[in-house]
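Here the structure is laid out as structure tokens; the discussion comes afterwards.
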Amino acid sequence: MEDVIIGLEIHVQLNKLNSKMFCGCSTAYHDSEPNTHTCPICLGLPGSLPVLNKKAVEYGIKVGLALNCTIEEETLFYRKNYYYPDLPKGFQISQYDFPLATKGHIMILGDDGAERNIRINRAHMEEDPGRLVHAGTIDKAKYTMVDYNRCGMPLLEVVTEPDLCSPKEARVFLDKLKSILEYLDVFDGSQEGSMRVDANISLKGGDRTEVKNISGFKGVEKALSYEITRQKNMQRRNIKVVQETRHFDEIRNITVSIRSKVGAHDYRYFPECDLVTMRIASWVPAIRDALPELPDSKRERFVKEYILADDHAKSLTSEIRVANFYEAVAAKASPKLAAVWIADVLKGELNYRDLGIESFYPAQMIEIVNMLAENKITEDGAVKIIRTLLDRIPIEVGGSPSKIAQKLGLGKAEDSEVQKAVKEAVAESAAAVADYRAGSERALNFIVGQVMKKTRGKASPGEVHTLVKAEVDKA
Amino acid sequence: MNMLGELREQLRSGSAEDYLCKLFEKVERSKLNGFTTLAKESALQQARDFDRDRSPGQGQGLLAGVPIAIKECISTRGIQTCCSSRILQGYIPPYDAHVIERLKAEGAIIMGKTNMDEFAMGSSTETSCFGPTKNPWDLNTVPGGSSGGSAAVVAGGEAPCALGSDTGGSVRCPASFCGIVGLKPTYGLVSRYGLVAYANSLEQIGPLTHTVEDTALIMQIIAGHDGRDTTSAEGKSDYLPVKEGVKGLKIGIPKEYFGEGVNKDVEKAVWDAIHTLEGLGAAWQEVSLPHTKHALAAYYVIAMSEASSNLARFDGLRYGLREGEDKDWHTTFSDIRSKGFGPEVKRRILLGTYALSAGYYGRYYLKALKVRTLIKNDFLKAFKDVDLVAGPTMPIPAFRIGERINDPLSLYLADVFTVPINLAGVPAISVPCGFAGHLPVGLQLIGKHFGEATVLQAAQAFEAATPFHEKKPEVV
């Protein structure tokens, strides 16, 4: 798909900040009644003035550095003028010339399996507008309501160069960006609407369209795939793709043209005189020194320090919380075994249930991995314990993995018990023994199955197979 | 002359309530149309509280028990603040401006709000939705603007002092036309928090009083750092007591502030004033502010550009005018703005929008900013040689109501000596210095950045040596 050109503009809410961009209102509005997290400043009441949240700038610089950007010596805010009901001042305080950060890049795994360098054009700060709410659907609602709780939330807009070649790459890029933001502890992706994407897409030689305000990475992938199909179909039929803004309809999974608001937009950017130019060059060294380990370096360290396979290391480091979970477990259990069980099993089970890593505790995983290492439980048993814990099956609320193993009888069968079962099963399976002796290796599987039945699955199938073979050969 | 201080002492032994009631009665009989809203209930309550509580420590504030009038564009909790515009009628702010908090903390009583040109856009107080305010010296003439209401009620004896705001002369012009004292402080000295913005990079809140010392007293209260205004300067200065005498002060007389376009009587009064200062021991010399001729153009481009953005929030959605049936968003807010704004405001929004448009930004706005720097540099250069710059506040005395309202250019031209001061961000005071016929003339004294103390010093020395501040209009 080398003929597809995609660039993204990502609006990231710096929602780990306690207060809004230009006032003291709390950012924790998600569970609140509409218009309760507001004040004269974020409501833009006549005479109110913005005061910059310095911490927001600090967070912005952090992100800029993590995206390998150049941080400008000086930065200032501009007014972006347009009329909309969610914008109580009739302008948005944003940045224009001299944005916080410019010319960065991050590496992603491209569609062809090779590392690809995606260039970042800029990252700048702005305030979030309010939110329009409709009773019922947007087509049928008789009126629109406005909730200004979100108004003034600190936003960082990250703009890429058109370096992405497919919807999947766009998705991979967004995952990586999200991962970095969470590593920096400036962003919580679990909050609704915390990351919103505008995607520019064109086919080689064609005009580009912009799909605005897509929430969710799956949405981005779907919207872009739809656009590619649509634009290709138009090309095939010799219809020119017009440069326009489109909206992604999440229900129908299509993009639709939005009637452009009175011709081309002229935002009449000009400097916001109520805020002063900030010299930020001197802030940078301290922020750079305090930058945490980022996903790529953590991955490299995991490979070296814990001797992990690269894909395990990658899987364990894509989310900071998973990486921290892993390291907590690896400190007290076999790092290799822990990697396999967290990356391959636990993450899958969590995904299946749409749960995050916080639904499981390192202490539980340590116990499971140690029991596995000491041969106290089978792999099947370990999976059952994980599922029991995740599904909150009330066999023993708050039960530890070892207690669950006991309750469910998942403890590995004693050797003598297995030996006894092997002897019995061989004695009872004359036909299978005969088949085996006649040359059918597979006949042993029947006997192994009988042993497993007798031990109620507490034995390891591999070991049982060895024991059965030895018993039959001996006779 | 410390009139406010004397008033405070009188009220302490007499009755603030009686004094306030007399003022309110006078306002109700008045033909000036200076007040737009009287905050009778809250003001009288405050006065009664002041009268009742004579315990030590009470009533010690710098303006304890003293009533003050506040311009329409300064946010007052619970009192309509509509900038004399239909579009904001009914808007009652939930918060006090910084200056109001400071005044209240010093015991001042907020009497009510005063008339102004709609959104401070004008020099005559004729564009108000409440109708024009009249000059107490001649009811057929304008009081100047845009803080015309504040100046008229002080000059007319309806309030002992008032606050105005000055974006391009809006305190000094009406002070000059009404024969009182008005100060535009250094940009950043007084917090703008709660001042409804017209052109936010230019404006400051300033006092309008009978005497220089009264202005110093109010500055003592309202100046100083406020964390809610990022452009607010750090530190705090003392304006009291005002330093005496002008011996050794060097005063620059800009040649560009005299000559063509300046009324002869105004010119004479101002020269007389300069000679008075000379007689008191100051030295004067000619200085040049060569970019003065470009000031008006730069000022109007900047002010209108900022205004076009500052006034964008008035859409009737959250407060203010909301009439008729709601249609779709664009139609509804356009209708509200069409109905809510007067012609002068619309003119400035349109011109400002144009000046900021893609393709014109560099030609107008950026160029105006460059001129602004040149004008500031003119002043910085002049202040290497002199301590103050002096000239007329306005080139003309108050004109007749209706005379210029349909000729915006001639109105804009009247701001020629006041706008450079806002562009440069320096402080300037207007003090009464004589008469052109029966109408007052103002002397403008311009200081260095944060040089208010020197401005007040020279103004006070002049006031003490002249009788003009004692002349009172014969208000009907």
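Summary of computed values
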| item | result |
| --- | --- |
| Against the rule of thumb 2.2 N^0.38 Å, how large the Cα Rg of region B:120-184 comes out | 0.93 |
| Built amide H within the under 5 Å cut-off of A:Thr245, gap 5+ | A:Glu210, A:Ile258 |
| Karplus-derived HN-Hα couplings along region A:418-432 (A = 6.51, B = -1.76, C = 1.60, θ = phi - 60°), whole Hz, x at Gly and Pro | 5, 3, 5, 5, 4, 4, 4, 5, 5, 5, 7, 10, 4, 4, 5 |
| Within straight-line cross-link reach of A:Lys474, aspartates and glutamates at Cα separation under 15 Å, skipping those fewer than 8 residues along the same chain | A:Glu424 |
| Under Karplus coefficients 6.51, -1.76 and 1.60, residue-wise ³J(HN,Hα) of region A:71-80 in Hz, glycine/proline x | 8, 5, 4, 10, 9, 9, 9, 10, 9, 10 |
| Over region B:163-259, relative contact order from alpha-carbon pairs under 8 Å, at least 6 apart, % | 26 percent |
| Per residue Cα convex hull volume in Å³ - calculated over chain A | 216 Å³ |
| Region A:117-239: equivalent-ellipsoid semi-axes (sqrt of 5 x gyration tensor eigenvalues, Cα, Å) | 27, 23, 12 |
| Selection from A:Gly205, A:Pro50, A:Ser179 lying farthest towards where the dipole of chain A points positive, charges on Cβ | A:Gly205 |
| Pairwise FRET efficiency - A:Glu73 versus B:Ala283, Cβ, R0 = 41 Å, nearest 0.05 | 0.35 |
| Rg and Dmax of region B:58-109, Cα atoms only, in Å | 12.3, 41 |
| Hydrodynamic radius (Kirkwood) for region A:415-474, which is based on Cα pairs only, to one decimal in Å | 11.0 Å |
| Within chain A, longest stretch free of exposed GluC sites (Glu not before Pro) [DSSP loop, at most 14 other beta carbons within 10 Å] | A:74-191 |
| Cα pair count fraction exceeding 43 Å, expressed as % - the protein assembly as shown | 49 percent |
| Among the listed pairs A:Lys376/A:Lys469; B:Lys293/B:Lys370; A:Lys314/A:Lys347; A:Lys178/A:Lys298; B:Lys384/B:Lys448, those beyond 18 Å (Cα-Cα) | A:Lys376/A:Lys469 |
| Hydrodynamic radius (Kirkwood) for region A:26-157, which is based on Cα pairs only, to one decimal in Å | 16.9 Å |
| Phi-based couplings in Hz for region A:316-322 (Karplus 6.51, -1.76, 1.60; Gly and Pro marked x) | 6, 9, 5, 10, 4, 5, 5 |
| Full-stretch length increase - A:His247, A:Ala135 - with 0.36 nm per residue and alpha-carbon distance subtracted | 38.3 nm |
| Value of relative contact order over region A:4-286, rounded to a whole percent, pairs C-alpha under 8 Å and six or more apart | 25 percent |
| Chain B - convex hull of alpha carbons, volume per residue in Å³ | 136 Å³ |
| D (Stokes-Einstein, µm²/s), Kirkwood Cα radius, region A:4-286, 0.692 mPa s at 37 °C | 166 µm²/s |
| Percent RCO, i.e. relative contact order, over chain B, from Cα pairs under 8 Å lying at least 6 residues apart | 18 percent |
| Order of A:Ser429, A:Ser190 - criterion: other Cβ atoms within 10 Å of each residue's Cβ, fewest first | A:Ser190, A:Ser429 |
| Cα pair count fraction exceeding 26 Å, expressed as % - region B:145-289 | 34 percent |
| Packing-based exposure ordering (other Cβ within 10 Å, fewest first) of B:Met3, A:Met195 | B:Met3, A:Met195 |
| Gap separating the Cα centres of region B:34-75 and region A:458-475, nearest whole Å | 99 Å |
| Cα Rg over Rh - region A:295-407, Kirkwood | 0.96 |
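Throughout, read-outs are computed from the coordinates displayed, never taken from laboratory work. None of the values given here were measured: they were computed from a predicted structure. Virtual Cβ from ideal backbone geometry, glycine too; neighbours counted across all protein chains shown.
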